[in-house]
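Engineer: Mind having a look at this structure? Questions to follow.
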Amino acid sequence: MALQAAALLPSTFTISKEGKASATLKNSSLFGASLSDYTKSDFGSSSFNVKSQRRLFNGGVVRATMVASPGVTTNSPSGKKTLRKGSVIVTGASSGLGLATAKVLSETGKWHVIMACRDFLKAEKAAKSVGMPKENYTIMHLDLASLDSVRQFVDNFRRSGRPLDVLVANAAVYQPTAKEPSFTAEGFELSVGTNHLGHFLLSRLLLDDLKQSDYPSKRLIIVGSITGNTNTLAGNVPPKANLGDLRGMAGGLNGINSSAMIDGGEFDGAKAYKDSKVCNMLTMQEFHRRYHEETGITFASLYPGCIATTGLFREHIPLFRLLFPPFQKYITKGYVSETEAGKRLAQVVSDPSLTKSGVYWSWNKDSASFENQLSEEASDAEKARKVWEVSEKLVGLA
Ligand code: NDP
Ligand code: PMR
């Protein structure tokens with residue numbers, strides 16, 4: 001946290017950009033430096049029958065959807081076989097990137113989006129406010145900060161009878177100003193607990209559902225980020241991601257008999273977020289190594305660009321929230337709108353040309369996708385295996 005704050009304060013800050021010119025931030029302004037951006041389906045429509053019903057869940061109303069006979073192709077009125085609607089779960093679809101992605105996918109008419117959200121009234125309002133066609137989405141309750149809720153979500157999803165063709169692990173929390181850690185229901189530090197462990201359990205449980213899908217391209221997408229990659233300028237802004245030897249994680253991240261941080265160090269909310277993103281990117285690769293060949297599922301991650309206006313920065317200081325968007329727009333040029341970022345993630349979900357597995361996608365200045373390089377740590381196969389094994393124990397799978 002101290003270092004993160006230091007990055008915000010007027011100071012001299014020098015970062016060497018690997019292979020490129022180095023950038024030096026002097027005592028001039030909060031973000032004062034001229035930096036270049038570091039990063040350099042069409043499937044047929046459906047006649048899939050759905051019947052909506054309302055029922056009570058966890059004290060509130062969920063719009064649940066019962067589904068009839070989801071064969072991969074259906075007969076159109078002309079007698080031609082057409083592909084059914086794809087069924088995609090997007091976690092954290094109540095705002096920012098998740099909402100923008102849900103909107104893009106639902107508007108194609110080719111996808112039914114299951115918005116997996118902790119606050120479904122907020123999600124319902126959000127879906128309505130962006131004009132998502134109501135027949136193309138369902139909201140289901142999911143609180144990733146509770147493993148019971150994750151399991152409950154999986155049960156509810158299975159009961160809905162829908163197939164699962166794509167899962168998007170998008171939700172996240174970021175606590176850059178927290179002085180003390182906060183914890184999930186099971187007592188894991190909140191950022192890693194939500195962003196990584198909640199999604200880890202969800203993805204592991206839903207892998208079976210993905211396997212059963214008869215859709216032509218089944219995918220598990222885990223949203224990563226540039227700030228977890230120390231081979232980038234953004235990833236070198238302190239505090240840097242570093243999982244160390246995972247001693248804090250192995251100890252349960254509970255801040256009592258172990259550190260709340262994966263590497264066993266002192267709590268730092270910004271670092272915990274970046275560490276969680278490293279876990280997300282390592283997990284995607286470990287899934288790929290373990291399951292791609294056997295299942296044909298595409299496992300991928302991405303950096304959608306700097307979406308400086310989202311709710312992710314809600315806990316940052318007001319001055320940061322004011323200056324971050326113009327800093328990213330005019331100085332780093334790393335800024336993308338929520339709409340543009342939503343199109344990018346929707347592309348990773350459904351574009352027939354993005355079926356390669358084990359890839360971390362990024363976009364260049366012309367908004368063309370390319371396979372990006374992960375940092376040494378974020379592509380360390382041995383670390384990925386360890387994170388997988390420790391995570392299995394923490395979420396009760398081993
Ligand atoms: P937002 O805060 O707008 O969206 C985060 C979503 O996660 C919200 O819908 C939020 O729900 C949900 N969420 C948080 N905690 C939980 C929980 N316990 N259970 C279920 N859902 C939860 O941020 P972004 O759209 O920016 O972030 C989306 C993804 O993009 C994240 O993975 C982030 O790491 C990644 N990303 C973002 C970048 C950026 O510049 N913004 C850059 C690179 C990656 P609620 O609405 O209820 O708060
Ligand atoms: Mg960063 C090309 C340079 C670049 C890019 C693409 C980002 C993206 N950032 C860049 C550079 C810098 N940032 C520099 C030079 C600084 C020091 C002044 C800087 C600072 C900074 C802060 C304090 N940046 C931040 C923060 C945050 O709190 C954000 C963060 O780390 O959240 C975890 C952030 C981000 N910068 C980005 C992106 C995409 C973020 C949001 C992070 C994410 O979701 O991973």
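Engineer: Of LYS179/LYS277; LYS128/LYS271; LYS110/LYS343, which pairs sit farther than 25 Å apart, going by alpha carbon to alpha carbon?
Structural biologist: Table pairs above 25 Å Cα-Cα are LYS128/LYS271.
Engineer: Send over a whole-number figure in Å² for the accessible area per residue of segment 323-398, probe 1.4 Å. Don't jump to the answer; show the numbers that get you there.
Structural biologist: On the way: 3560 Å² over 76 residues.
So segment 323-398 comes to 47 Å² accessible per residue, rounded to a whole number.
Engineer: Less than 19 Å from a label point 7 Å out along the Cα-to-Cβ axis of GLU392: which backbone N atoms in segment 160-185 qualify, by residue?
Structural biologist: Under cut-off, by backbone N: nothing.
Engineer: Then there is this: Setting aside same-chain residues fewer than 8 positions from LYS333, which aspartates and glutamates have a Cα under 13 Å from its Cα?
Structural biologist: Excluding near neighbours in sequence, the set is ASP37, ASP366.
Engineer: Ignoring any ligand, DNA or RNA, what whole percent of the accessible area of segment 67-159 comes from carbon and sulfur when the probe is 1.4 angstrom? The partial results should precede the final answer.
Structural biologist: Working: 2000 of 3760 Å².
Of the solvent-accessible surface of segment 67-159, carbon and sulfur hold 53 percent.
Engineer: Sticking with this structure for a sec: Taking the Cα of ASP214, stepping 7 Å toward and past its beta carbon, and measuring to each backbone N in segment 279-293: which are under 17 Å?
Structural biologist: Inside the label zone: nothing.
Engineer: Could you list which residues have their amide H under 5 Å from that of SER87, counting only those 5 or more apart in sequence or on another chain, with H placed in the peptide plane?
Structural biologist: So SER87 has HN proximity to HIS112, ASP165, VAL166.
Engineer: So what are the ³J(HN,Hα) numbers for segment 136-143, from phi and the Karplus equation (6.51, -1.76, 1.60; θ = phi - 60°), rounded to whole Hz, Gly and Pro as x?
Structural biologist: Calculated HN-Hα couplings, in order: 10, 8, 9, 9, 10, 6, 8, 10 Hz.
Engineer: Enumerate the calculated ³J(HN,Hα) couplings along segment 115-125 in order (Karplus 6.51 cos²θ - 1.76 cosθ + 1.60, θ = phi - 60°), each rounded to whole Hz, writing x wherever the residue is Gly or Pro.
Structural biologist: Rounded to whole hertz, the list is 8, 9, 10, 7, 10, 6, 5, 4, 5, 4, 4.
Engineer: What list of ³J(HN,Hα) values in whole Hz, one per residue of segment 164-172 in order, does the Karplus curve 6.51 cos²θ - 1.76 cosθ + 1.60 (θ = phi - 60°) give from phi, with Gly and Pro shown as x?
Structural biologist: 10, 9, 9, 10, 10, 8, 10, 4, 6
Engineer: Also, I was wondering about something else. Check TYR137: other-chain or 5+ apart residues with amide H under 5 Å from its amide H, H built from backbone geometry?
Structural biologist: VAL113
Engineer: A further question on this structure: Stretch ARG247-THR73 to full length: gain in nm at 0.36 nm per residue minus the Cα-Cα span? Mind dumping the intermediate values first?
Structural biologist: Values: separation 174, 0.36 × 174 = 62.64 nm, distance 4.92 nm.
Taking 0.36 nm per residue and subtracting the Cα distance, the gain is 57.7 nm.
Engineer: For segment 178-272, what is the accessible area per residue in Å², given a 1.4 Å probe and the full set of protein chains?
Structural biologist: Working: 3060 Å² over 95 residues.
Using a 1.4 Å probe on heavy atoms only, each residue of segment 178-272 averages 32 Å².
Engineer: Suppose R0 equals 35 Å; then what is the FRET efficiency for LYS356 and ILE256 from their Cβ-Cβ distance, rounded to the nearest 0.05? Intermediate results must be reported in sequence, preceding the final value.
Structural biologist: On the way: r = 43 Å, r/R0 = 1.22.
The value I calculate is 0.25.
Engineer: While we're on this one: Count the DSSP beta bridges whose two residues both fall in segment 71-225, then state the antiparallel fraction as a percent rounded to the nearest 5.
Structural biologist: Once the DSSP bridges in segment 71-225 are tallied, antiparallel ones form about 20 percent.
Engineer: Can I ask one more? Just the number, please: carbon plus sulfur as a percent of the accessible area of segment 264-398, 1.4 Å probe, no ligands or DNA/RNA counted.
Structural biologist: Working: 2820 of 5690 Å².
That share works out to 50 percent.
Engineer: Find the centroid of the Cα atoms in segment 172-202 and in segment 249-307, then give the distance between the two in whole Å.
Structural biologist: Going from one Cα centre to the other spans 11 Å.
The values are calculated or read from the model by the stated rules, or taken from the named source; none is laboratory data. Because the structure is a prediction, the values reported are computed rather than measured. In this analysis, Cβ positions are derived from the backbone assuming ideal geometry, glycine residues included, and neighbour counts consider all displayed protein chains. The area values use the complete protein model at the heavy-atom level, side chains included, leaving out ligands, DNA and RNA. Shrake-Rupley method; radii C 1.70, N 1.55, O 1.52, S 1.80 Å.
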